[in-house]
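Peer 1: Sharing a structure below in structure tokens format, with a few things to ask.
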């Protein structure tokens, strides 16, 4: 089966990107190299094609109640122009996906989901739609470019039809139809997956190339570079953000994944609430912790985590070499005991080729404190 | 992609520069291998001065994304390793056939050289 292409596919090929199949799309893994691209985002500004992500519009008089029942976070806290990060769960508390919820208006929301989950998510959403809201999977019509890094706002300011300097984190602007490169639908959102300031630009698929070119022109003075999925992973991991399919799956729940802050048991009743309330009361059996290698060794997905007596206490779910720390970093589930989960705890990772010491640390890993 | 014609190659994407007089060869990984691995962050040689058989592991190359084991392309002793790789593992990415060499092997059976791949045979393996 051939992979889907994003609207920017020919750009990536022309830029000499190494392409790889990812979630059914032919995506750029890297252009100049993961470390170079990573540092570009930490120090200047990088551009990511994330058009593979999925978007679903929920419209109707019961849209709010529908969203509130679908996701664990509290949609009542949203106002027009505000977004939130959340997960949606199965009745047993397992995570179906993590997503962003944008409140476009009182009766209209946009849900942004992972590319690998578009079809199962949409099916799940349809199944929960008992009040006949309108659900539209607009994933193929929407292009998405993330501009991330200390110079991201300056870059996007140059091409935005409206001022964005005061746009707060997790706030967005829905642009007037036709006012932004002729897009019928365009959103500038102060969000991202890198731990840097930045914007995510939702636009018409047919206008994505034009906008990408304009962004590179605008960002030239700031050293803008394209950034692939390789650096997207090292950036999110340095920031301690979960990756669906690795750190969170249907086999994990948000409380053990450290996502208790977006699990609002009192928001009115979401799918999975009863089970999660019981887990919260008893305390999760395991917990996702972050850790940094104390000696040579890079943790990798699937590696075993051992305590100081050499007993198996968990598994690595994500790992890489931090380009900022020049050390291995990772996330993994360990038995929920404070001697394993408290920052500073010394654990061991058994990789395919060696065993090495790691120290539990609360992310972000690349910032002190 | 560049594959120098004066080198021997293996299926595991290693290259060898053979010196008939001393029966030694310098070993590294190919341009194709470094490009597949991406940014290399450390190289570890575990078997310095040890007598090893062809295909025995002698170390590892660890990149940001993945790790690869290194295997002896011929039987012999790992006489020397490239000390510069300790501080500058990126030499494997930047100059795989020169500054990025990995080890020097003293061959125990020089006839094994004839089992290695020529540049044309290797180019076919690397798919170019």
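The values are calculated or read from the model by the stated rules, or taken from the named source; none is laboratory data. Computed from a predicted model, the values in this text were never measured in an experiment. Here the Cβ positions follow ideal geometry from the backbone for every residue, glycine too, while neighbour counts run over all protein chains shown.
Peer 1: With the structure loaded, tell me whether residue A:332 is away from chain B (no Cβ under 14 Å), assigned to a strand (DSSP E or B), closer than 22 Å to residue A:233 by Cα and in contact with a strand residue (DSSP E or B) (Cβ under 7 Å, 6 or more places away or on another chain) or whether it fails that test. Don't jump to the end; show me each part of the working.
Peer 2: Details: away from chain B (no Cβ under 14 Å): yes; assigned to a strand (DSSP E or B): yes; closer than 22 Å to residue A:233 by Cα: yes; in contact with a strand residue (DSSP E or B) (Cβ under 7 Å, 6 or more places away or on another chain): yes.
Criteria met by residue A:332.
Peer 1: Now a separate question. Tell me the residue from A:194, A:130 that is surrounded by fewer than 20 Cβ atoms within 10 Å (Cβ to Cβ) and in a loop (DSSP other than H, G, I, E, B), please. Spell out how you get there, then give the answer.
Peer 2: Values: A:194 fails: surrounded by fewer than 20 Cβ atoms within 10 Å (Cβ to Cβ).
Result: A:130 is the single residue among A:194, A:130 that is surrounded by fewer than 20 Cβ atoms within 10 Å (Cβ to Cβ) and in a loop (DSSP other than H, G, I, E, B).
Peer 1: I'd like to check something: does the range B:2-18 contain any residue that is within 14 Å of chain A (Cβ to nearest Cβ), at pLDDT below 95 and within 29 Å of residue A:33 (Cα to Cα)?
Peer 2: Here is the first cut: in the range B:2-18, the ones within 14 Å of chain A (Cβ to nearest Cβ) are none.
No, that holds for no residue.
Peer 1: How many residues are within 13 Å of another protein chain (Cβ to nearest Cβ) and not in a strand (DSSP E or B) if we restrict to the range A:335-362?
Peer 2: 4
Quick grid of which residues meet (1) at pLDDT 95 or above; (2) within 14 Å of another protein chain (Cβ to nearest Cβ); (3) out of contact with any strand residue (DSSP E or B) (no Cβ under 6 Å at 6 or more places or on another chain):
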| residue | (1), (2), (3) |
| --- | --- |
| A:261 | yes, no, yes |
| A:276 | yes, no, yes |
| A:288 | yes, no, no |
| A:292 | yes, no, no |
| A:299 | yes, yes, no |
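Peer 1: For residue A:29, only one of the following conditions fails: (1) within 14 Å of another protein chain (Cβ to nearest Cβ); (2) not in a strand (DSSP E or B). What is its number?
Peer 2: Just one mismatch for residue A:29, condition (2).
Peer 1: Output the number of the condition that residue A:54 fails; it satisfies all remaining conditions of (1) over 30 Å from residue A:321 (Cα atoms); (2) buried (at least 19 other Cβ atoms within 10 Å of the Cβ).
Peer 2: (1)
Peer 1: Restrict the check to the range A:58-65 and report whether at least one residue is surrounded by 17 or more Cβ atoms within 10 Å (Cβ to Cβ), assigned to a helix (DSSP H, G or I), over 19 Å from the mean Cα position of the chain (by Cα) and modelled with pLDDT of 95 or more.
Peer 2: Checking the range A:58-65: at least one residue is surrounded by 17 or more Cβ atoms within 10 Å (Cβ to Cβ), assigned to a helix (DSSP H, G or I), over 19 Å from the mean Cα position of the chain (by Cα) and modelled with pLDDT of 95 or more.
Peer 1: Across the range B:32-63, what is the total count of residues that are within 13 Å of another protein chain (Cβ to nearest Cβ) and assigned to a strand (DSSP E or B)?
Peer 2: Summing the residues that are within 13 Å of another protein chain (Cβ to nearest Cβ) and assigned to a strand (DSSP E or B) in the range B:32-63 gives 13.
Peer 1: Among the residues of the range B:52-74, how many are out of contact with any strand residue (DSSP E or B) (no Cβ under 7 Å at 6 or more places or on another chain) and in contact (Cβ under 8 Å) with a residue 24 or more places away in the chain?
Peer 2: Here the count works out to 3.
Peer 1: OK, next. Sort out which residues of the range A:141-150 are buried (at least 24 other Cβ atoms within 10 Å of the Cβ) and in a loop (DSSP other than H, G, I, E, B), and write them in order of number.
Peer 2: Listed by number, the list holds a single entry, A:149.
Peer 1: Please count how many residues of the range B:64-80 are buried (at least 21 other Cβ atoms within 10 Å of the Cβ), on the phi < 0 side of the Ramachandran plot and either away from chain A (no Cβ under 14 Å) or part of a helix (DSSP H, G or I) (or both).
Peer 2: Residues that pass the stated criteria total 4.
Peer 1: From the list A:52, A:38, exactly one residue is within 14 Å of chain B (Cβ to nearest Cβ), within 19 Å of the chain's Cα centre (by Cα) and either assigned to a helix (DSSP H, G or I) or within 28 Å of residue A:214 (Cα to Cα) (or both). Which is it? Walk me through it before giving the result.
Peer 2: Values: A:52 fails: within 14 Å of chain B (Cβ to nearest Cβ).
Just a single option satisfies the conditions, and that option is A:38.
Peer 1: Oh, and also: Only one residue in A:5, A:44 is surrounded by fewer than 23 Cβ atoms within 10 Å (Cβ to Cβ), away from every other protein chain (no Cβ under 14 Å), farther than 18 Å from residue A:192 by Cα and touching a residue at least 12 places away in the same chain (Cβ under 8 Å). Which one? Spell out how you get there, then give the answer.
Peer 2: Values: A:44 fails: farther than 18 Å from residue A:192 by Cα.
Matching residue, one of A:5, A:44: A:5.
Peer 1: At pLDDT 95 or above, more than 14 Å from every other protein chain (Cβ to nearest Cβ), closer than 27 Å to residue A:330 by Cβ and in contact with a strand residue (DSSP E or B) (Cβ under 9 Å, 6 or more places away or on another chain), is that true of residue A:192?
Peer 2: Values: at pLDDT 95 or above: yes; more than 14 Å from every other protein chain (Cβ to nearest Cβ): yes; closer than 27 Å to residue A:330 by Cβ: yes; in contact with a strand residue (DSSP E or B) (Cβ under 9 Å, 6 or more places away or on another chain): yes.
Yes: the conditions hold for residue A:192.
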